[in-house]
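Just below is one structure, and these are the notes that go with it.
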Amino acid sequence: MSTPSRLKAPLILVLSLVLLCAGVAVLVGVFGLLVTVLGKL
């Protein structure tokens, strides 16, 4: 671990991509749940 700065940028990029995908998945799940709930009304 002599060059932590060289590993930090890709790590932050990967983490932000994972968080973005998780946020999109949560939004899609909530939207789908709302559609199913409103569809049964």
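The values are calculated or read from the model by the stated rules, or taken from the named source; none is laboratory data. What you are looking at is a predicted structure, and each value in this text was computed from that prediction instead of being measured. A quick note on method: Cβ atoms are made from the backbone with ideal geometry, for glycine too, and the neighbour counts reach across all protein chains shown.
Screening Val18 against (1) modelled with pLDDT under 90; (2) hydrophobic (A, V, I, L, M, F, W, C); (3) not in a loop (DSSP other than H, G, I, E, B) leaves a single unmet condition, (1). Do you know which of the residues in the chain that are exposed (fewer than 10 other Cβ atoms within 10 Å of the Cβ) and among the charged types (D, E, K, R) is nearest to the chain's Cα centre (by Cα)? That would be Arg6.
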